[in-house]
Amino acid sequence: MTNQSSPSSAGTAIELSGISKAFGPVQANSDVNLSVPKGTIHGIIGENGAGKSTLMSILYGFYEADSGEVFVNEKKVSIRNSNDAIATGIGMVHQHFMLVDTFSVLENVMLGAESGEVLKDSIKKAETELTRLEKEYGLHVPIHSLIEDLPVGQQQRVEILKALYRGAEILILDEPTGVLTPQETDQLFKILEALRDQGVTVILITHKLREIMAITDNVSVMRHGTMVAHRKTSETDREELAELMVGRKVRTKADKQKAQPKETKLKVENLSVFDQFNVARVDNVSLDLRAGEIVGIAGVSGNGQSELLEALSGIEAVSKGSFTLGDITIDADNPKNAKEMRDLGLAHVPEDRLHLGLVPSFSAHESSILGYHRDKEFNGPILSKVGNIVNYCARIMNDFDVRPQDPSLKSANFSGGNQQKLILAREMDRDPPILLVGQPTRGVDIGAIEFIHQQIIAMRDAGCAVLLVSVELEEIMSLADRILVMFEGRVVGEIEADKADEKILGLMMANAHKTSPDGEITA
Amino acid sequence: MEQSIVILLSVLDGTLRVSTPLVLCAMAGLFSERSGTVDISLEGKLLFSAFAAAAVTYVTGSPWVGMVAAIAISFSLSMLHGFACVTHNGNQVVSGVAINILASGLTVVLGIAFFRQGGQTPTLPKDARFTPIELPFAEALDSIPFIGQLYAQVISGHNILVYLAFLLVPITSWIVFKTRFGLRLRAVGENPKAVDTAGIGVRAMRYKALAVNGVLCGIAGAYLSTAQNAAFVREMSAGQGYIALAALIFGKWRPKTAMLACLMFGLLDAIAIRLQGVMIPGTETEVPVTLIQALPYILTVILLAGFIGKAIPPKAIGIPYVKER
């Protein structure tokens, strides 16, 4: 408990003392203490399920704590709902934006903070106030545009404006950078710094060490519902924080040798996929995937990566162009479904594990054979061989350290990381020559990330051709040997992993990079 | 020429009369659907409140008292719908269908028990109904061809509820788009979570919307049995609640366009009434009125099948709001 100031010391914006909260048998927060000095940026870091969001939801009045006290500006308060929180000057920017998409920026800002029954006055007041806030903090947003027409970075600004408009002096941001490009993240950080300089207290919840180091003044680490450490950011480093989060030493960057690529396993030529409105989601994409290499596809989520994976794995139909595995070519006239693609040796770890990867209501052993459920091993003449399936599941669970190691537990009851490990185990167990992996570590804890990354690299070293789609730049940079960037369905550039950094990838993701005539990519 | 103008005016006059309950129901549906609650029970509320209006008017002799009873019944049914769907997160379509079945059966049972006329209510005398109102200068303007006639014969001479219904359209539009209530109403149907985090009660908003819905449906029911007709007849709503719902969807959940859709349905209905028993010129056969009567329903199916472009409903419609965990 370093740097913990006492409740009575001057300039404390938030003081939590002995907060506990249980959901049924799960203790989400136990005896949590936290002190945030006024006018600082305070990071709260921890793995998924460490209790960060619960703690902030208590502060914002979504949940009531079972015990403990909350002090705001050194006064004891009781926050029972969002209204109380707003009244005490707390504003929250949620991970999933709380905006009405079909409303204008102005209407969203006014909602719940209107000045009278008729909107006319509210509109006038909001317009003046927004202009002021815009000037003061550099929060530029076109106030009459509809939310659905704005990029996510600007939508997030609307959330911040909403909080400030309600007079928030303490701003909580829950995983704010998950949906942003690196450039948008930098802009957000500039805004947060401007807010701090004007005396606003910022609490930043994240699981990304880089962000904590980049912007916070102090950091508190949570693990399993408890506060395990408080540090001044300048006096700590990534390794220490990672260790505190996980409770053991972890490597934050995957170890790997240089790739030894061999023959081409998958050749994609001018592939396009049109959606129901005839818009090209994948637009004329060509790439080669060779045995023994990992090709990473980077890009802001929603730029055609998902559709590309779905087309290659046989879920989505090819509209134009083709791709070839060995001597088999798949195009619009020669489609193959997901089963046929698997039979050709293409394994797929889908991006959305709860919808495509497994059936949440199935037991683990049932989920563990999805896609391979026709195998002789699992089927008798009429009935399935449940014994074999359970044994098989137990074996792959053991190989991939899936916890708890219980084949009969419902798939939904595993943590995200363990669900993901189960899917990876299923897809990797047959040593497929081609592996497509989408967002392998989305929502996965740092400890499990390390393991998953090791497994993917081991597959590559064993000669598998791996296509990796991820929105996490750190992940792409540490795993991939070559990186392709997708923007609006097109591949806008390719770069060797050892030449890539966040800045250049960020520019490529926004299609704002320059390519020299010999293919060199520069800022 | 003279003849066709007379026919045209009488058809337009009829259009307004038959559109009135549709407009009232469509506005009622607009409030609840904009707040995120599907209201298929417009039909049942219309029917039940028509019964209540006729029965109470017959007993008291005052259509106004009858209308109060109609509103009370319709309001209660709306609250019942809310209790099932908003408080207990029930399925909104199932609850709506249940109300419709309840209304269809109970009105007949109660009708037989109270009046012993096979489920009908006794015919109301003229002074126990909403009667036509002559607008000022109607008689004087009737002599001016067309425009004057339009005023005197189409616009003037309806009962008060017709004027109320059409007046409610701009009022609804103003409430929905220009007031705080409207802003919150629209927000709660699009993203209730955003409303919740803004410190506004989602359920309270949905109940308020249903309250307005109940009142408007009650007026529509009273119109049906004490203004347009002079008694309650079993199943007299005849699908008009559903037609209003369809009009609301064609109108893309906007008051003015929904009203236009109601008028279109009304016009078809009025034409069907006007052509009753008319011979097709030059032949011995009657105009197939049943076909024309079926037109609104056929049109509903065709238009809903996608001929009006995509109608984008409020995003959260039909989904009960449950806080996470």
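Each value in this text was obtained by applying a stated rule to the coordinates, not by laboratory testing. Just so it is clear, the model here is predicted, and its values are computed rather than measured. Every residue, glycine as well, gets a Cβ built from its backbone with ideal geometry; the counts of neighbours run over all protein chains shown.
Separation of the range B:178-241 and the range A:174-248 by C-alpha centroid, Å?
Value for the Cα centre distance between the two parts: 47 Å.
Using a Förster distance of 22 Å, how high is the FRET efficiency between residue B:304 and residue B:102, based on the Cβ-Cβ distance and rounded to 0.05? Before the final figure, lay out each step's value.
Values: r = 26 Å, r/R0 = 1.17.
Once the sixth-power term is evaluated, E becomes 0.30.
Normalised by the number of residues in chain B, what is the relative contact order in percent for Cα pairs under 8 Å and 6+ residues apart? Please list the in-between numbers first.
On the way: 580 pairs, mean separation 109.3, N = 325.
Here the relative contact order equals 34 percent.
With each run of n ≥ 4 DSSP H residues scored as -39500 (n - 2.57), what mean residue ellipticity at 222 nm is computed for the protein assembly as shown after dividing by its residue count and rounding to the nearest 500 deg cm²/dmol?
Details: 28 runs with 364 residues, N = 848.
The helix contribution divided over the protein assembly as shown gives -13500 deg cm²/dmol.
Using Cα centres only, tell me the gap between the range A:263-340 and the range A:347-386 in whole Å.
24 Å
With the contact rule set at Cα under 8 Å and sequence spacing of 6 or more, what percent relative contact order holds for chain A? Don't skip to the end; give the middle numbers.
Details: 1047 pairs, mean separation 73.9, N = 523.
So the answer I get is 14 percent.
Just to verify a number: FRET efficiency for residue B:83 and residue A:503, C-beta to C-beta distance, R0 = 45 Å, to 0.05? Show your work: numbers first, answer last.
On the way: r = 58 Å, r/R0 = 1.28.
The value I calculate is 0.20.
Rounded, prolate or oblate: which one fits the range A:104-232, using the alpha carbon gyration tensor with axes a ≥ b ≥ c (rounded when a/c is under 1.5, else prolate when a/b beats b/c, else oblate)?
Numbers: a/c = 2.18, a/b = 1.88, b/c = 1.16.
Prolate.
What percentage of all Cα-Cα pairs in the range A:297-393 are separated by more than 24 Å?
Details: 1640 of 4656 pairs.
Tail fraction, whole percent: 35.
Arranged by the count of other C-beta atoms within 10 angstrom, fewest first, what order do B:45, A:249 take? Can you show the working numbers first?
Numbers: B:45 34, A:249 8.
Exposure proxy ranking, most exposed first: A:249, B:45.
More than 23 angstrom separation, counting every C-alpha pair in the range A:368-464; what % is that? Please report the intermediate quantities before stating the final value.
On the way: 1234 of 4656 pairs.
Counting pairs separated by more than 23 Å, the tail of P(r) holds 27 percent.
Let me make sure I get this right: for chain B, a, b and c are the square roots of the gyration tensor eigenvalues over alpha carbons, sorted descending. Under 1.5 in a/c it's rounded, otherwise prolate if a/b > b/c, else oblate. Which is it?
Working: a/c = 1.72, a/b = 1.43, b/c = 1.20.
Prolate, since a/c reaches 1.5 and a/b exceeds b/c.
Give the long-range amide H neighbours of residue A:227: residues separated by 5 or more places, or on another chain, with amide H under 5 Å away, using H modelled in the peptide plane at 1.01 Å from N.
Hits under the 5 Å cutoff: A:33.
Would you tally the net charge around residue A:67, using a Cβ to Cβ cut-off of less than 12 Å, leaving residue A:67 out, and scoring K and R as +1, D and E as -1? Intermediate values should be presented prior to the final figure.
Working: positive: A:21; negative: A:31, A:64, A:66, A:69.
Its environment carries a net charge of -3.
Going by amide H atoms built from the backbone, whose H comes under 5 Å of the H on residue A:14, apart from near neighbours?
Residues meeting the criterion, in which the H sits 1.01 Å from N, are A:36, A:73.
Along each principal axis of its Cα atoms, how long is the range A:198-307 end to end? Whole angstroms, biggest number first, please.
Computed over the Cα atoms, the extents are 53, 40, 27 Å.
Among B:13, A:401, rank each residue by its count of other Cβ atoms within 10 Å, from fewest to most, as a rough exposure measure. Before the final figure, lay out the partial values.
Numbers: B:13 18, A:401 13.
So the ranking, lowest neighbour count to highest, is A:401, B:13.
Express the C-alpha Rg of the protein assembly as shown as a ratio against the empirical globular expectation 2.2 N^0.38 Å, rounded to two decimals.
Values: Rg = 33.1 Å, N = 848, 2.2 N^0.38 = 28.5 Å.
Dividing the Cα Rg of the protein assembly as shown by 2.2 N^0.38 Å gives 1.16.
When you look at the Cβ of every residue in A:55-62, what mean number of other chain Cβ atoms sits within 10 Å? Provide the component values of the computation, followed by the final result.
Working: counts 0, 0, 2, 0, 0, 1, 2, 5.
Per residue, the average neighbour count from other chains is 1.
Using 0.36 nm per residue of separation minus the Cα-Cα distance, give me the extension gain between residue A:64 and residue A:87 in nm, one decimal.
Values: separation 23, 0.36 × 23 = 8.28 nm, distance 1.66 nm.
Result for the pair: 6.6 nm of gain on full extension.
Report, largest value first, the span of the C-alpha coordinates of the range B:216-320 along each principal axis, in whole Å.
Result for the range B:216-320: principal-axis Cα extents of 56, 35, 22 Å.
Using a Förster distance of 25 angstrom, determine the FRET efficiency expected from the C-beta separation of residue B:260 and residue B:116, and round it to 0.05. Spell out each step's value before the answer.
Details: r = 43 Å, r/R0 = 1.72.
That gives a FRET efficiency of 0.05.
Once the Cα gyration tensor of the range A:12-246 is found, what semi-axes does its equivalent ellipsoid get, as square roots of 5 times the eigenvalues, in whole Å, sorted largest first? Walk me through the intermediate numbers first.
Working: eigenvalues 175, 84, 50 Å².
For the range A:12-246, the ellipsoid semi-axes come out as 30, 20, 16 Å.
Could you pull out the GluC sites (Glu not before Pro) across the range A:450-523 that fall in loop regions by DSSP (anything but H, G, I, E, B) with no more than 12 other Cβ atoms inside 10 Å? Spell out each step's value before the answer.
On the way: sites: A:450, A:472, A:474, A:475, A:488, A:494, A:496, A:502, A:520; in loops: A:472, A:488, A:520.
In loop regions of the range A:450-523 (DSSP not H, G, I, E or B), the sparsely surrounded GluC sites (Glu not before Pro) are A:520.
List the equivalent ellipsoid semi-axes of the range A:270-318 in whole Å, largest first, each obtained as the square root of 5λ for an eigenvalue λ of the Cα gyration tensor. Intermediate results must be reported in sequence, preceding the final value.
Numbers: eigenvalues 80, 30, 19 Å².
Largest first, the range A:270-318 gives 20, 12, 10 Å.
Search the structure for amide H atoms under 5 Å from the amide H of residue A:510, placed 1.01 Å from N in the peptide plane, and list their residues when 5 or more places away or on another chain.
none
When the C-alpha atoms of the range B:83-163 are aligned to their principal axes, what extent does each axis show, in angstrom, from largest down?
Computed over the range B:83-163, the largest-to-smallest principal extents equal 58, 37, 18 Å.
With 19 Å as the cut-off, how large is the P(r) tail for the range A:240-379, expressed as percent of Cα-Cα pairs? Intermediate results must be reported in sequence, preceding the final value.
Values: 6122 of 9730 pairs.
The answer is 63 percent, as a whole percent.
What average count of beta carbons from other chains do you get within 10 Å of the Cβ of residues in A:497-503?
Values: counts 0, 0, 0, 0, 0, 0, 0.
Mean inter-chain Cβ contacts per residue within 10 Å come to 0.
Note the angle between two axes, namely the Cα long axis of helix A:119-137 and the longest principal axis of the Cα atoms of chain A, as a number of degrees from 0 to 90, rounded to the nearest 10.
Once rounded, one gets 80 degrees.
For the range B:140-146, in order, what is each residue's ³J(HN,Hα) by Karplus, 6.51 cos²θ - 1.76 cosθ + 1.60 with θ = phi - 60°, in whole Hz (x at glycine and Pro)?
5, 7, 4, 7, 6, x, 6
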